[in-house]
Amino acid sequence: MNERGAAMLWVLGLSVIVLFLGGISLDLWRAFEVRQDLAALADSAAAAGASQIDIDVFRSSGEVVLDVRAAEAAALASIAAQQDASRVTVDPDITFNDPGLPTRISVTLEGELRFTLLKILPLDEDSIPVRATGTAGAFAVP
């Protein structure tokens, strides 16, 4: 039996498998990195929003309540000021724990990561969704 060229077929097959695994690992690593960047953006936006207390309510009752408009504007300004916001499309969702007397703000950022090496494979999707949430609250220090 002639086995000439069998080693070349094995090397070719292993090369394709290594390329596929390399593509998966590269895109998975990028997804972890983008998720970490989104988490940092969401945390900083929530902290910026939580610093916007309603001074009139605090002076009249001593209760710490967020100014909803100022908190939302500060959170959006924080997102816009970050450098990493341009690396992935960001869709912010800002919520408060209690619309009447809000003391906590949550910022949820959703993005989409486009594949790099996995684009060459015939997949149904060419991107994966990435999501992160940051929550911060305002409270009085005794």
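Computed quantities for the displayed model
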| read-out | value |
| --- | --- |
| Chymotrypsin sites (Phe, Trp or Tyr not before Pro) within the stretch 16-76: DSSP coil, no more than 15 neighbouring Cβ in 10 Å | none |
| Förster radius 22 Å - calculated FRET efficiency between Glu112 and Ile24, Cβ distance, rounded to 0.05 | 0.75 |
| Length released on extending from Ile55 to Leu9, taking residue separation times 0.36 nm less the Cα-Cα span | 9.2 nm |
| Sum of side-chain charges, Pro102 neighbourhood, beta-carbon under 12 Å (Lys, Arg +1; Asp, Glu -1) | -3 |
| Rounded tilt (10° steps) of 6-50 against the dominant C-alpha axis of the chain | 0 |
| Theoretical ellipticity at 222 nm over the chain - DSSP helices of four or more residues, -39500 (n - 2.57) apiece, nearest 500 | -16000 deg cm²/dmol |
| Between 0 and 90°, nearest 10: helix 68-81 axis offset from the chain longest Cα axis | 40 |
| Where GluC sites (Glu not before Pro) in DSSP loops with at most 15 other Cβ within 10 Å are excluded, longest remaining stretch of the chain | 64-124 |
| Unit charges on C-beta of K, R, D, E only; dipole of the stretch 6-137, Debye | 380 |
| Matching label, Kirkwood radius over Cα pairs in Å computed from the structure shown, candidates [x] 18.1; [y] 16.5; [z] 16.0 | [x] |
| Selection from Val107, Ile17, Phe96, by position along the positive dipole direction of the chain (Cβ) | Ile17 |
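Any read-out appearing in this document is the output of simple, stated calculations on the displayed coordinates, not a laboratory observation. Remember, predicted model here, so these are calculated numbers, not experimental data. Every residue, glycine as well, gets a Cβ built from its backbone with ideal geometry; the counts of neighbours run over all protein chains shown.
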